[in-house]
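Engineer: Handing you a structure now.
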Amino acid sequence: MRIIYAGTPEFAVPALQGLIDAGHEIVMVLTQPDRPAGRGMQLKASPVKQLALQNGLRVFQPESLKPAEVQAEVAAVNADVMIVAAYGLIIPTAVLNIPTRGCYNIHGSLLPRWRGAAPIHRAILAGDAETGVTIMEVVPKLDAGNMISKWAVAITETDTTQSLHDAISREGARLMVEAMHILQSTGELASEVQDESLVTYAHKLEKSESAIDWTASAQQLSRQVRAFNPFPVATAKFKDQVCKVWFAQSATGKGQPGAVVETQPLRVACGDGVLEIHELQLPGGKRQTAQQFVQGQHVQVGDQFA
């Protein structure tokens, strides 16, 4: 089929590759404009753009899809389908109506739970037992379209947003390729209406959420650390230095919140239980194991994190 693919970050790469491999004609790739990145703040192409260029695909990077001339350019490619995966721009109804066989999205949750911008992070933070991916029809209302197919995965005590992101993007690609095969073969896709009474919203992450509050339970803090890996990364103060805490798990124990109760392994008391820290990063430094941190900072039992 003739497909417009709209996506920007790494999450959207596997599906584009899968559709290319399946033999579909990608007539246009919509992706956000190049953004400054890195220490030199040089303009950098999105991961989706990089893959598109490697495959000789047409790339279109408007700042908005609202202008009439932009919509005319999208319409001119005569697409059968538009596929969306973490594109990052609002898609007007007029654009949704352009493809003759509809517009479909890869969403990183088990809808109707966690509509919105940060579904994987919010699932971990909430202590959900599972998450997954949903292939859905795109409609003007946020993530409210009918559901085509789903894949679920348990959230374990070692899962981070990064680990779940990778699994979800891979399985989302597989489901989307399957859906397009069915659509091409039969001309239609069976779908299920979302139960509006079960809707929750995954609000965008705020940087202020990254600071660890040691009066919270160890279980809550473990979720926070794992949910914020790889971004924005949970933070804690030690000897007036703001450290990034990359990985930690809850354990049993007690003590004054924020106090180091063990150094091997590194365990810090919380409001309930203790947080066993595995990986940290000092300002301007590289990620290091907790034992490297303990040795380098001469951490002792009774030292205080804030």
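Engineer: Quick one: which of ILE90, ILE83 is at pLDDT below 95, under 23 Å from PRO14 (Cα atoms) and aliphatic (A, V, I, L, M)?
Structural biologist: Being at pLDDT below 95, under 23 Å from PRO14 (Cα atoms) and aliphatic (A, V, I, L, M) holds for just one of ILE90, ILE83, which is ILE90.
Engineer: Which residues, taken from region 210-241, are at pLDDT below 95 and of a type in the set (Asp, Glu)?
Structural biologist: Passing the criteria: only ASP240.
Engineer: Against the conditions (1) under 29 Å from GLY132 (Cα atoms); (2) in contact with a Pro (Cβ under 9 Å, 6 or more places away or on another chain), where does MET1 fall short? Just the number, please.
Structural biologist: (2)
Engineer: Take the residues in region 260-282 that are under 14 Å from LYS237 (Cβ atoms) and of a type in the set (A, V, I, L, M), then tell me which one is farthest from the chain's Cα centre (by Cα).
Structural biologist: Result: VAL260.
Engineer: Please enumerate the residues belonging to region 21-44 that are more than 16 Å from ARG58 (Cα to Cα) and outside any loop (DSSP other than H, G, I, E, B).
Structural biologist: ASP21, ARG35, PRO36, ALA37, GLN42, LEU43, LYS44
Engineer: Of the numbered conditions (1) at pLDDT 95 or above; (2) part of a loop (DSSP other than H, G, I, E, B), VAL245 satisfies every one except a single condition; which is it?
Structural biologist: (2)
Engineer: Residues of region 47-76 being assigned to a loop (DSSP other than H, G, I, E, B) and either touching a Leu at 6+ places or on another chain (Cβ under 9 Å) or buried (at least 18 other Cβ atoms within 10 Å of the Cβ) (or both), which ones?
Structural biologist: Of region 47-76, the ones assigned to a loop (DSSP other than H, G, I, E, B) are 55-58, 61-67, 76.
Matches in region 47-76: ASN55, LEU57, GLN61, PRO62, GLU63, SER64, LEU65.
Conditions (1) part of a loop (DSSP other than H, G, I, E, B); (2) touching a strand residue (DSSP E or B) at 6+ places or on another chain (Cβ under 7 Å), marked per residue:
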site	(1), (2)
LEU164	no, yes
ARG170	no, no
SER197	no, no
LEU205	yes, no
TRP214	yes, yes
LEU221	no, yes
VAL225	no, yes
PHE231	yes, no
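The values are calculated or read from the model by the stated rules, or taken from the named source; none is laboratory data. Nothing here was measured: the structure is a model prediction, and the numbers come from that model. With ideal geometry, Cβ positions are generated from the backbone for all residues, glycine too; neighbour counts draw on all protein chains shown.
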